[in-house]
Amino acid sequence: MRKLKAKSKNKSLLINEIGTTTDTLTSRGGLSLFVRYLRNIEIFPHLHRLFGCIRKSSKGQSVIEIFKQLFCYFVDGTSRHLVYFDKLKEDSGYAASVESSPQTLLSSDSVKRFYRSFYWFQIWLFRRVLQMLFIWRLNITEPSIIELGVDGMLMDNDEAEKRHGVEPTHKKYKGFHPLQMTWDRFIIDAVFRGGKKHCNHGDTVEKMVRHIVNKIRNKYREDVPIIIKTDSGFFDQKLFEVFEELGIGYICSGKLYNDIKEHIKKLDQSDWRCYESKEQSWDYLEFMDRRDSWSTFRRAIFCRAVYDGKQQLLDFARSETIIYTNVGMCQEIDNQLKSAGYEYFFKADNVIECAHSRGKDELIHRAFKDFGHEELPFKRFAPNAAYYYTMVLAFFLYEIFKEDVCSEIVPVVSYATTLRRKIIDIAAKIVKTSGKIILKVTTSTWKHIKIEILWEKSGSPPCFSWA
């Protein structure tokens, strides 16, 4: 009887009908913060200057409006299909949240036309924007040492229809294989390539490194120490010579040839040293090595794992690696490290630690895939390249938005999914009154994400300057 009485008391809470409303509502209220941030860092005038020539007539939307909606599309992350734009075009609440009128929202056809109008000289302009954003952040954070990662990132397009440039990769599926340079949490430069291109294909890496180092020396600081971290896919004397010529350091995983293994066996047990981290312990040997085709000896550190977690490994089960570096070889990079107070980098322990930190660089690729998507929408290579670079640029802007605006609410190391659930996907009502447009949220949302702080920070970020 008590249960029946309880049910009868709750009849006033039951929903009996459904209907529509003319109120301007949105489930992506956080996008207004992102658009406000983009507007106040003043990146749109630079994009218009570089890409404004793509617009052939006064009809249609401006390049600024197109880029704004594309960036919001990637940050939103609800769909990876371009037809999603057709759904958004019917949503007046979404238009209000991104500060656009419903008439200016893009359709899937307009997005396709935009990307199909790109020529290669325009596509390469994306790299200029990425590099200048990188220099801008360097001048804000003012690091005393710059550690860069260079690696390829496979993009699985095996299930997509035939695409130009989708080729078999070493992971046994078809896709693209762009080369990417990373710093901190950012992708600062990239070269979009077909799947069959290996990591160190042609002279792409050399040109990329030369260009970035020149930018850093001219636009940031001439004497800042720069260290490049790579895996064994870039184990090449020609690259080492380029790095040494530029006066930068390198820490590269090498290849374990049979003669190296034989040399290790001949060394005395007393020559071994131990390096310990929080999660692992390594025995290591340090020696000078020169491959048959090399013109000089280089510093090499052979490492052998002692533990797998808390389990000690037997000799036959230990993983073995070898690291090559020019740090501590009395080259120009050593003088720069001494001047910056990083003499401890010369020690083998710190070289090993820096080499193992490459795992953090690979997390950037994982974060990028969580933010965007691997399958690209077009059949031709050039539109896919432009789409890819837009996604990389949106990822950079998302990362600095997270750092400059949302760091009190969302950790800067969190993936895009976390930011979307906490900041972007909030219900809001947009109201026009007394000549103002007001974004209204619930009291619980106001308190939970401290939206007044986010609003203030998104309105006063550091301005992007094209140095």
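Read-outs: derived from the displayed coordinates by stated rules, not from any lab. In this text the structure is predicted, and so the values were computed from the model without any measurement. Here the Cβ is made from the backbone with ideal geometry for all residues, glycine too, and neighbour counts use every protein chain on show.
So, in region 388-426, of the ones that are small (Gly, Ala, Ser) and part of a helix (DSSP H, G or I), which residue ends up surrounded by the fewest Cβ atoms within 10 Å (Cβ to Cβ)? Give the derivation first.
Let us first name the residues in region 388-426 that are small (Gly, Ala, Ser), namely 394, 407, 414, 416.
From what's left, part of a helix (DSSP H, G or I): 394, 416.
Numbers: Ala394: 19, Ala416: 21.
Across region 388-426, the extreme among qualifying residues is Ala394.
Does Glu362 satisfy the condition of being in a loop (DSSP other than H, G, I, E, B), touching a residue at least 60 places away in the same chain (Cβ under 8 Å), closer than 18 Å to Leu154 by Cβ and not basic (Lys, Arg)? Before you say what the answer is, go through the steps one by one.
Details: in a loop (DSSP other than H, G, I, E, B): no; touching a residue at least 60 places away in the same chain (Cβ under 8 Å): yes; closer than 18 Å to Leu154 by Cβ: yes; not basic (Lys, Arg): yes.
No; evaluated as a whole, the condition is false for this residue.
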Review point. Within the group Ile216, Ile251, Ile260, which residue is within 24 Å of the chain's Cα centre (by Cα), over 25 Å from Gly175 (Cα atoms), in contact (Cβ under 8 Å) with a residue 60 or more places away in the chain and assigned to a helix (DSSP H, G or I)?
Key: Ile216
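Tell me which residues, restricted to region 83-113, are without any contact (Cβ under 8 Å) to a residue 60 or more places away in the chain and not in a helix (DSSP H, G or I). It would help to see each step written out before you state the result.
Residues of region 83-113 that are without any contact (Cβ under 8 Å) to a residue 60 or more places away in the chain, as a first pass: 83-90, 95, 100-111, 113.
Hits for region 83-113 are Val83, Lys89, Glu90, Ser100, Ser101, Leu105, Leu106, Ser107.
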Review point. Can you tell which of Arg358, Arg366 is surrounded by 15 or more Cβ atoms within 10 Å (Cβ to Cβ) and basic (Lys, Arg)?
Key: Arg358
Review point. For region 145-213, which fully contained strands (runs of 3 or more DSSP E) count at least 2 residues that are closer than 24 Å to Ile333 by Cβ and in contact (Cβ under 8 Å) with a residue 60 or more places away in the chain?
Key: 146-152, 179-183, 186-191
Practice item. Would you check if there is a residue in region 200-209 being in contact with a Gly (Cβ under 7 Å, 6 or more places away or on another chain) and within 26 Å of His177 (Cα to Cα)? Key: yes
**Study point:** Residues satisfying the stated conditions in region 267-306, i.e. more than 12 Å from Phe240 (Cβ to Cβ), assigned to a loop (DSSP other than H, G, I, E, B) and of a type outside the set (A, V, I, L, M, F, W, C)
**Key:** Asp268, Ser277, Lys278, Glu279, Gln280, Asp292
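A quick yes/no check of all residues on (1) under 23 Å from Gly359 (Cα atoms); (2) hydrophobic (A, V, I, L, M, F, W, C); (3) in contact with a helix residue (DSSP H, G or I) (Cβ under 6 Å, 6 or more places away or on another chain):
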{"position": "Tyr119", "(1), (2), (3)": "no, no, no"}
{"position": "Glu147", "(1), (2), (3)": "yes, no, no"}
{"position": "Leu154", "(1), (2), (3)": "yes, yes, no"}
{"position": "Val166", "(1), (2), (3)": "no, yes, no"}
{"position": "His170", "(1), (2), (3)": "yes, no, no"}
{"position": "His201", "(1), (2), (3)": "yes, no, no"}
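With respect to Thr390, determine if the residue is hydroxyl-bearing (Ser, Thr, Tyr) and under 21 Å from Ala95 (Cβ atoms).
Numbers: hydroxyl-bearing (Ser, Thr, Tyr): yes; under 21 Å from Ala95 (Cβ atoms): yes.
Spelling it out, Thr390 is indeed hydroxyl-bearing (Ser, Thr, Tyr) and under 21 Å from Ala95 (Cβ atoms).
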Check your understanding: Only one of Ile430, Ile453, Ile438 is among the aliphatic types (A, V, I, L, M) and either part of a helix (DSSP H, G or I) or closer than 16 Å to Asp404 by Cβ (or both); which?
Key -> Ile453
Check your understanding: Within region 428-467, restricting attention to residues that are more than 25 Å from the chain's Cα centre (by Cα) and of a type in the set (Gly, Ala, Ser), which residue is surrounded by the most Cβ atoms within 10 Å (Cβ to Cβ)?
Key -> Ala428
Review point. How many residues are within 28 Å of the chain's Cα centre (by Cα) and outside any helix (DSSP H, G or I) when one looks only at region 341-357?
Key: 2
Exercise for review: For Leu239, work out the one condition from (1) in a loop (DSSP other than H, G, I, E, B); (2) surrounded by 15 or more Cβ atoms within 10 Å (Cβ to Cβ) it doesn't fulfil.
Suggested key: (1)
